[in-house]
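Asks: First the structure, which I've put down as structure tokens, then a few questions once you've had a look.
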Amino acid sequence: MAGTSWDKLGQMDQAFELVAPALRRVAAAQGLRLHEFFRDDPVWRMDLTPRAKADAAVDVSWSEARPEEYPVTLIWWDDDQLRREELGTFTRDRSLDELEALLEAAVARADRL
């Protein structure tokens, strides 16, 4: 996805402008590293590895095809296999409190891996 025309037009910055404060608050409160635009893609990743038993992360992604939605996904390595669990989708018409709750639930879920 990186290097596409929407990337060059700054749409990624614009897309995450709404959700960035919630992501930054949760990452700071939980002591997690936040990777903005992970691998130059429209994904912000909270690295859970320092606190989770498994090598894990929570991704919040954005797609040009569905610009009003931000899927939240827990990913982790189980032995040599990458696992993914879709935890929900935040939409622009909802309160950032709901996104924060979804992210905190994702961190709690990772703690139980």
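The values are calculated or read from the model by the stated rules, or taken from the named source; none is laboratory data. Predicted model, so just to flag it, every value in this text is computed and none were measured. Ideal geometry is used to build each Cβ from the backbone, glycine not excepted, and the neighbour counts take in all protein chains shown. Note: accessible area is taken over every heavy atom of the protein model, side chains too, but ligands, DNA and RNA are not part of it. Shrake-Rupley method; radii C 1.70, N 1.55, O 1.52, S 1.80 Å.
Asks: GNM on the chain, C-alpha springs below 10 Å: top fluctuator among LEU103, LEU18, LEU32?
Replies: Highest fluctuation among the options: LEU18.
Asks: Before rounding to the nearest 500, sum -39500 (n - 2.57) across all DSSP H runs of length at least 4 in the chain and divide by the residue total; then give [θ] at 222 nm in deg cm²/dmol.
Replies: Using -39500 (n - 2.57) per qualifying helix, the result is -9500 deg cm²/dmol.
Asks: Treating only the Cβ atoms of Lys and Arg (+1) and Asp and Glu (-1) as charged, compute the dipole magnitude of the chain about its Cα centre; round to the nearest 20 debye.
Replies: Result for the chain is approximately 260 debye, rounded to the nearest 20.
Asks: If you take P(r) over Cα pairs in 10 Å bins from 0, in percent from the coordinates, which of (1) 14, 48, 31, 7, 0; (2) 13, 42, 29, 12, 4, 1, 0; (3) 10, 21, 35, 28, 6, 0 do you get?
Replies: Only one listed value fits the structure, namely (1).
Asks: May I pose another question? To the nearest 10 degrees, how steeply does helix 96-111 sit against the main Cα axis of the chain, on a 0 to 90 scale?
Replies: It works out to around 30 degrees.
Asks: Let me ask another. Testing the spin-label approximation: label points 7 Å from Cα along Cα→Cβ at ASP93 and GLN81. State their distance in nm.
Replies: It works out to 3.8 nm between the two label points.
Asks: For a Förster distance of 25 Å, can you work out the FRET efficiency between the beta-carbons of LEU18 and ASP111, rounded to the nearest 0.05?
Replies: That gives a FRET efficiency of 0.40.
Asks: Could you calculate the contour length gain from ARG33 to ARG66, that is, 0.36 nm times the residue separation minus the distance between their Cα atoms, to one decimal place in nm?
Replies: So the extension gain works out to 9.2 nm.
Asks: Here is a further query. Within the chain, what whole-number % of the accessible surface is contributed by carbon and sulfur, with the 1.4 Å probe and all protein chains included in the calculation?
Replies: Heavy-atom surface of the chain belonging to carbon and sulfur, 1.4 Å probe: 45 percent.
Asks: Just order 36-48, 68-80 by mean Cβ neighbour count inside 10 Å, highest at the front, would you?
Replies: Descending mean neighbour count gives 36-48, 68-80.
Asks: Quick one: accessible area per residue over the chain, 1.4 Å probe, rounded to a whole number of Å²?
Replies: Per-residue value: 57 Å².
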